[in-house]
Amino acid sequence: MSESREIAIDVRAAVKRYGDFTALKTISLSIYDNEFFTLLGPSGCGKTTLLRMIAGFEDVTEGAIFLYGDPIADLPPNKRPVNTVFQNYALFPQMTILDNVAFGLEMRGQSKSQARKAAGEMLELVQLSQFAARKPSQLSGGQQQRVALARALAPKPKVLLLDEPLSALDLKLRKAMQLELKHLQRETGITFIFVTHDQEEALTMSDRIAVMSAGELQQLGEARDIYERPRNMFVADFIGETNLLEVSVDAINAGRATCHLGGGHELSCNSVEGVNVGAKVHMSVRPERLFMSEGPTDSEGLKGTVRENIFVGTDISTLIDLDDGPKFIVRTSNSDRGNKRIFEPGNEVYVNMEMEAARLLVD
Ligand code: ATP
């Protein structure tokens, strides 16, 4: 992503304390204009707190937040060009769908006819025009959430904050809405800041992701980068599934490390900033970047025994007890099975990895 892009939200060393409790510990990050940006992390890590500080519902204890270059500390929530979609969409039950969307516009001073015209356009955008005259109770959960989206988009905010907006929907609807949200963001060009604890959701939708835990930013990057190049144990473990091996680092040269396992077996992999020669660290490799063979394909193959095969729809996960380490998971795509031998429980097997795929992690 180019550095010359306009910055929509600039969070500079922002701290949030509630009494003695520090909910956010010195967070700095920039969110670009027209970006689909996601705050991702487990419950309690501070995602909502950061969102509420941007919205103006919480003040910033230390540091500052800038919106398109201007500090926002003194701007009350209703004066910020920012709108929020919440998990519980809280539509007015007695109003029609059209009036629900028009209401906020009238509150902002638009005439009734202006507001209704703009609301009609928003309902078109979320493909609900045919339901304009219905009441919220006559719509499904997914449709109601789309009304909430139309309502939040209607005043044309520069930034839309979305706090777990899909978590009340069932899996199938959630998946459909993920694509719709992404499409809406592209179509409107509004900067979306999306909060979720669901890593798959974050990977599907986001241009960039900020992974948070315990009030700290763990890693910020494009979805693919976060998945393929996690920098620490937390990120590797939280995003997707991974295999971890404890290794001792013998040498590092131009970003490549030579390591050995407890039993002496040598491996090479990518290093990461912060790992030093002599350290004991973890190496991470994703299950789909491993493959099995009957004999060793090179000196780095790890020997083990198949414990179990698990069918997970598009893939098979094979659980393997390594002779020289912990349990490993190898994932084979079903579409690839024709070319590969299926190993059964009890079979001896060698696990091989693409060197590029294995990475050291800082703790
Ligand atoms: P979730 O996914 O469960 O919503 P989150 O990552 O959004 O979690 P926050 O709601 O931002 O987490 O809360 C971060 C931490 O701050 C939590 O430990 C929470 O208990 C604490 N916290 C939030 N609001 C307050 C408050 N008003 N007073 C005291 N502590 C608070």
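Some values worked out for this structure:
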{"quantity": "Cβ-Cβ under 9 Å pairs, at least 6 apart or on other chains, the range 241-267 side under 20 Å from Glu228 (Cα atoms), far side in a strand (DSSP E or B) and among the aromatic types (Phe, Trp, Tyr)", "calculated": "Asn243/Phe328; Leu245/Phe328"}
{"quantity": "Neighbours by Cβ (under 6 Å, 6+ apart or cross-chain): first from the range 28-56, assigned to a loop (DSSP other than H, G, I, E, B); second hydroxyl-bearing (Ser, Thr, Tyr) and within 12 Å of the ligand (Cβ to nearest atom)", "calculated": "Gly41/Ser213; Cys45/Ser213"}
{"quantity": "Failed criterion for Lys16 (all others in (1) within 20 Å of the chain's Cα centre (by Cα); (2) surrounded by 14 or more Cβ atoms within 10 Å (Cβ to Cβ); (3) at pLDDT 95 or above hold)", "calculated": "(1)"}
{"quantity": "Residue ranges of strands (runs of 3 or more DSSP E) in the range 306-363 with at least 3 members farther than 15 Å from Val285 by Cα and of a type in the set (Lys, Arg)", "calculated": "none"}
{"quantity": "Which numbered condition Phe328 fails, given (1) touching a residue at least 60 places away in the same chain (Cβ under 8 Å); (2) within 18 Å of Tyr350 (Cβ to Cβ); (3) more than 28 Å from the chain's Cα centre (by Cα)", "calculated": "(3)"}
{"quantity": "Whichever residue in the range 92-107 is within 33 Å of the chain's Cα centre (by Cα) and assigned to a loop (DSSP other than H, G, I, E, B) and, among such residues, is nearest to Arg151 (Cα to Cα)", "calculated": "Phe92"}
{"quantity": "Test: residue in the range 49-58 that is of a type in the set (D, E, K, R), at negative phi and more than 16 Å from the ligand (Cβ to nearest atom)", "calculated": "no"}
{"quantity": "Complete set of residues in the range 27-46 that are hydrophobic (A, V, I, L, M, F, W, C) and within 11 Å of the ligand (Cβ to nearest atom)", "calculated": "Leu39, Leu40, Cys45"}
{"quantity": "Checklist (1) in a loop (DSSP other than H, G, I, E, B); (2) away from the ligand (no atom under 16 Å from the Cβ); (3) closer than 20 Å to Ala202 by Cα; (4) not β-branched (Val, Ile, Thr) applied to Ala73, failing item", "calculated": "(3)"}
{"quantity": "Matching residues in the range 288-333 - criterion: being hydroxyl-bearing (Ser, Thr, Tyr) and in contact with a Phe, Trp or Tyr (Cβ under 6 Å, 6 or more places away or on another chain)", "calculated": "Ser293"}
{"quantity": "Top-ranked residue in the range 124-142 [being of a type in the set (A, V, I, L, M) and assigned to a loop (DSSP other than H, G, I, E, B); ranked as farthest from Leu171 (Cα to Cα)]", "calculated": "Ala133"}
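Matching residues to (1) buried (at least 17 other Cβ atoms within 10 Å of the Cβ); (2) within 16 Å of the ligand (Cβ to nearest atom); (3) modelled with pLDDT of 90 or more:
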site	(1), (2), (3)
Glu62	no, yes, yes
Asn83	yes, no, yes
Pro93	no, no, yes
Asn100	yes, no, yes
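Residues are listed down the side, and each one gets a yes or a no for (1) within 23 Å of Ala55 (Cα to Cα); (2) without any contact (Cβ under 8 Å) to a residue 60 or more places away in the chain; (3) assigned by TED's automatic domain parsing to the domain that holds Ala202; (4) in a strand (DSSP E or B):
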{"residue": "Gln110", "(1), (2), (3), (4)": "yes, yes, no, no"}
{"residue": "Ser113", "(1), (2), (3), (4)": "no, yes, no, no"}
{"residue": "Lys117", "(1), (2), (3), (4)": "no, yes, no, no"}
{"residue": "Met122", "(1), (2), (3), (4)": "yes, yes, no, no"}
{"residue": "Gln144", "(1), (2), (3), (4)": "yes, yes, no, no"}
{"residue": "Ala148", "(1), (2), (3), (4)": "yes, no, no, no"}
{"residue": "Ser167", "(1), (2), (3), (4)": "yes, no, no, no"}
{"residue": "Lys175", "(1), (2), (3), (4)": "no, yes, no, no"}
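Every residue, every condition in (1) under 25 Å from Gly240 (Cα atoms); (2) at pLDDT below 95; (3) of a type outside the set (Ser, Thr, Tyr), yes or no:
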| residue | (1), (2), (3) |
| --- | --- |
| Gln144 | no, yes, yes |
| Leu149 | no, yes, yes |
| Val159 | no, no, yes |
| Lys172 | yes, yes, yes |
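The values are calculated or read from the model by the stated rules, or taken from the named source; none is laboratory data. Here the structure is a predicted model, which is why all the values come from computation and not from measurement. Ideal geometry is used to build each Cβ from the backbone, glycine not excepted, and the neighbour counts take in all protein chains shown.
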